[in-house]
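Everything on this sheet refers to the single structure shown next.
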Amino acid sequence: MKIAYLVNTYPRASHSFIRREVQAMERQGFEICRFAMRSDRQTLLDPADVAEDDRTEHILARGLSPILLSAFRWMIAHPAQTAKALALAMRCGAHGAGGGPGAGGRLRHLVYLAEAAHLARRCSTLHLTHVHAHFGTNSAAVAMLCRTLGGPKYSFTVHGPEEFDAPRALSLGEKIGHAAFTVAISSFGRSQLCRWAALPDWPKLQVVHCGVEPLRFADPAPLPEGGPHLVAIGRLAEQKGFALLLEAMESAAPNLPGLRLTIVGDGPLRPELEAALASRGLVGIVTLAGWQDEAGVRRAFANATALILPSFAEGLPVVVMEAMASARPVIATAIAGVPELVLPGETGWLVPAGDAAALAGAIAALAATPRERLEAMGQAGRARVMDRHDVDHEAGKLAALIAGAAL
């Protein structure tokens, strides 16, 4: 079966989970054409991402005139579908005016319409029978308009939290209604989709987890001596809660002389976090390690006693899966899909989001836990993630849904 994958910007360093899913789908026997609106090639450092960029057709790289000409040819050949798609674009654009990233008003939806018409033409030329989009933002809008224009059936994966921040502006219910099915990455995510989907569309809402490749985590490193040494991984942005984590570290560090924290990632808050390290007396205790490739992230897990996730908003972070696959306990805030993986007392600790004192308390509890117990928690977490998040097993679920949609 020959299908398309559609993402707004692809590949990106933070979207390696999509690359892994695409490759797993190819192992399921699918022939996949990768489409994205734009490339992020100038920021790509991982050779695997650069290779994926070479395999991806970036629509906007063709230039405005070729896209408009391609779209015009499709629309002229499909006048009735074009009228329906134009009405749908205007309706969604009215919802999305001022709605934030991936939404956009009517003018933006006219751009989506042109991209969709071009995509429909490419799908016809390449004999693609299904489009699967990632994220419920503009990529799902383009897939929906492509279908309305006479293109193939589509589905899309919603990750959160962005989609749940602006469901009306993103016309999330409309996108679900037109889709063959919609994927959530956790049961929590599905519950949020149920809020915006019409009741008859609830059977379309399916859970397919993001996956890890077991062979990449075949031989977890033993827990390091001393510490505890924590690692936090993510974009240095407001929703990740790193400023709160520094507050917790300031509270916990005086009673835990061996405590260390490495933050892996980069982003707009780096200058503020650097200033906070100095003002809170955490220089030498907390290290901002910057962005790391997949091998660097695995090294960070090997050098850590546990992962700590202080986020305020998430979907179900892949970094939690990777930490557990690395046999590391997890301290995390009890938000979104995280409690579906992190089980208190079994695989880690859960704390209320936004509570620095609770976060510091969990760090102290980790430090007081015997090494043998931490090892057992790590192994329990590893077993849990391998059971629930094997990328090939999850790709098989998605493959079955796509095959079923073709019937």
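The values are calculated or read from the model by the stated rules, or taken from the named source; none is laboratory data. All values reported here derive from a predicted model rather than from experimental measurement. Neighbour counts run over all protein chains shown; Cβ positions are idealised from the backbone, glycine included.
Among the residues making up the range 141-186, those that are in a strand (DSSP E or B) and within 28 Å of Val320 (Cα to Cα) are Ser155, Phe156, Thr157, Val158, Phe181, Thr182, Val183, Ala184. Screening the candidates Ala325, Ala232 for the property of being touching a strand residue (DSSP E or B) at 6+ places or on another chain (Cβ under 6 Å), over 17 Å from Arg382 (Cα atoms) and crowded, with 21+ Cβ neighbours inside 10 Å yields one hit, Ala232.
Mind listing whichever residues of the range 206-222 are surrounded by 11 or more Cβ atoms within 10 Å (Cβ to Cβ) and either out of contact with any Gly (no Cβ under 9 Å at 6 or more places or on another chain) or under 19 Å from Ala395 (Cβ atoms) (or both)? Of everything in the range 206-222, those that are surrounded by 11 or more Cβ atoms within 10 Å (Cβ to Cβ) and either out of contact with any Gly (no Cβ under 9 Å at 6 or more places or on another chain) or under 19 Å from Ala395 (Cβ atoms) (or both) turn out to be Gln206, Val207, Val208, His209, Cys210, Gly211, Val212, Glu213, Pro214, Arg216, Phe217, Ala221.
Looking only at residues in the range 384-407 that are of a type in the set (Val, Ile, Thr) and within 18 Å of the chain's Cα centre (by Cα), the one that is farthest from Ala323 (Cα to Cα) is Val391.
When the range 234-246 is filtered for residues that are of a type in the set (A, V, I, L, M) and in contact with a Gly (Cβ under 6 Å, 6 or more places away or on another chain), the ones remaining, listed by number, are Leu236, Ala237. Just one residue in the set Ala400, Ala376, Ala368 is free of Cβ contacts under 8 Å to residues at least 40 places away in the same chain and outside the structural domain of Leu230 (by TED's automatic domain parsing); that residue is Ala400. Among the residues of the range 285-312, those identified as modelled with pLDDT of 95 or more and under 16 Å from the mean Cα position of the chain (by Cα) are Leu309, Ser311, Phe312. When the range 247-275 is filtered for residues that are surrounded by fewer than 18 Cβ atoms within 10 Å (Cβ to Cβ), among the hydrophobic types (A, V, I, L, M, F, W, C) and over 14 Å from Ala237 (Cα atoms), only Ala275 remains. Would you call Arg195 at pLDDT 95 or above and in contact with a Lys or Arg (Cβ under 7 Å, 6 or more places away or on another chain)? So Arg195 does not fit the description; no.
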